[in-house]
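One structure is given below, encoded as structure tokens.
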Amino acid sequence: MPKAIKTNTPTSRVKFDFASTLCAWQKKYGRHDLPWQLDLSPYPVWLSEIMLQQTQVKTVIEYFDRFMTRFPSVEDLASATEDEVLSMWSGLGYYSRARNLHQCAKDVVHLHGGQFPRTLDALMSLPGIGPSTAAAIASICFSSKVAIFDGNVKRVISRFMAFKDDLSVALHSKTLAMKAQELLPKEQTLMPTYTQAIMDLGATICKPKNPLCESCPVAPGCSGKAQGDPSLFPVKTKKIKRTQRRLFWLIALDGEGRVLGVKRSAERTSGIWKGLYAFPEFESESALRLSLPSGVQLDALEPIRHELTHQSLVIEAFVWREKKSSKATQTLSLAKLQNLGQWMDSREWSAVGVPRPVEACLNELM
């Protein structure tokens with residue numbers, strides 16, 4: 001095997017054939033049994049790429065199989081309702097992906113005759129498809145010589161080249177993207193294998209923490225390893241700022257076992273989980289209580305803590321159950337509640353998309 005290179009200059013890089021080595025490794029040791037690898041046509045590749053954004057493979061497999069069973073073609077997905085799509089997506093998180101997925105399917109059908117376009121620009125004109133997803137579709141499905149540039153690839157390339165510049169800076173990220181393009185195989189027919197190989201390497205070997213350098217096929221040419229600690233790369237100093245937020249939910253159950261629900265919108269709620277169904281939400285406990293007749297009994301649940309990318313949520317939920325009381329009091333309470341949402345039974349809840357904390361509450365109370 002070639003000796004490890006110690007610099008990332010163009011002269012030293014030619015001593016190690018990154019692309020060919022990676023492709024040979026993938027054919028022998030890479031992943032070949034993931035469900036979206038069984039059919040490398042654009043629809044399943046696109047669907048898997050969207051699902052895999054910010055989500056682990058083991059989680060995506062179940063959702064991918066469910067989606068392909070329910071929506072076996074882009075036409076099936078395009079003809080579905082938003083509630084159907086969000087229901088299938090429930091629990092996967094980052095729900096804007098599901099809304100963009102649905103709109104993208106409709107655009108592919110109505111604007112492109114049901115066929116995904118082959119060029120990067122045309123692919124990126126579709127909702128929810130950014131440069132890396134477009135490159136994945138183009139390289140895997142059409143053998144285009146374009147480099148994907150997701151988190152795994154940034155990590156692999158920055159370590160291999162010991163790229164010391166801060167990727168939080170757009171100019172430096174663009175420079176690394178150009179270097180990723182330079183490392184592509186010369187033979188265009190190798191592009192599907194290469195793209196899968198570099199994703200596999202980042203996911204299984206070149207991990208964010210404790211990379212398995214002893215099992216890495218490109219370790220002999222890795223500048224990061226030669227310098228002693230590849231985990232120092234990539235360099236990214238900008239951290240996500242997570243805000244704290246407290247929400248107040250009213251969980252109302254009527255005498256027929258139904259729970260009051262409301263379809264969330266950015267205008268009426270906190271701006272998260274748009275399009276999903278949840279419980280009536282308030283900015284304070286006092287506002288919640290003012291929505292009900294005075295004297296109504298509420299049971300407080302233990303605070304629910306839920307982490308989002310940019311927010312840490314503390315949800316205080318109060319449960320109202322319809323109880324035997326005077327007819328006037330009961331009628332007044334139900335009338336006020338009816339203005340806050342709609343009564344939904346378990347079948348209706350299962351047919352719409354719900355955030356994970358809502359699903360947990362429903363499972364406990366219904």
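The values are calculated or read from the model by the stated rules, or taken from the named source; none is laboratory data. Given the structure is predicted, the values throughout are model-derived calculations rather than measurements. Using ideal geometry, Cβ is built from the backbone for each residue, glycine included, and neighbour counts are taken over all protein chains shown.
Residue-by-condition table, conditions (1) closer than 30 Å to residue 96 by Cβ; (2) β-branched (Val, Ile, Thr); (3) surrounded by 21 or more Cβ atoms within 10 Å (Cβ to Cβ); (4) in the same structural domain as residue 92 (by TED's automatic domain parsing):
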site	(1), (2), (3), (4)
212	no, no, no, yes
222	no, no, yes, yes
250	yes, no, yes, no
255	no, no, no, no
259	yes, yes, yes, no
275	yes, no, no, no
278	yes, no, yes, no
282	yes, no, no, no
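Residues are listed down the side, and each one gets a yes or a no for (1) part of a loop (DSSP other than H, G, I, E, B); (2) of a type in the set (D, E, K, R):
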position: 77; (1), (2): no, no
position: 97; (1), (2): no, yes
position: 103; (1), (2): no, no
position: 107; (1), (2): no, yes
position: 122; (1), (2): no, no
position: 127; (1), (2): yes, no
position: 137; (1), (2): no, no
position: 155; (1), (2): no, yes
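Annotation: residue 191 fulfils all but one of (1) under 27 Å from residue 39 (Cβ atoms); (2) at pLDDT below 95; the unmet one is (2). Just one of the numbered conditions (1) out of contact with any Leu (no Cβ under 6 Å at 6 or more places or on another chain); (2) buried (at least 20 other Cβ atoms within 10 Å of the Cβ) is not true of residue 226: (2). In the stretch 194-205, the residues that are more than 15 Å from residue 140 (Cβ to Cβ) reach residues that are of a type in the set (D, E, K, R) and surrounded by 21 or more Cβ atoms within 10 Å (Cβ to Cβ) with C-beta atoms within less than 9 angstrom, at least six apart or across chains, in these pairs: 202/154; 202/155. Condition test on residue 316, is it modelled with pLDDT of 80 or more and part of a helix (DSSP H, G or I)? So residue 316 does not fit the description; no.
Among the numbered conditions (1) part of a loop (DSSP other than H, G, I, E, B); (2) surrounded by fewer than 22 Cβ atoms within 10 Å (Cβ to Cβ); (3) not acidic (Asp, Glu), the only one that residue 189 does not meet is (1). Quick check on residue 207: is it loosely packed, with under 10 Cβ neighbours inside 10 Å, under 27 Å from the mean Cα position of the chain (by Cα) and not acidic (Asp, Glu)? When the stated conditions are applied, residue 207 does not pass them. Residue count for the stretch 49-72 satisfying the condition of being surrounded by 22 or more Cβ atoms within 10 Å (Cβ to Cβ) and polar (S, T, N, Q): 0.
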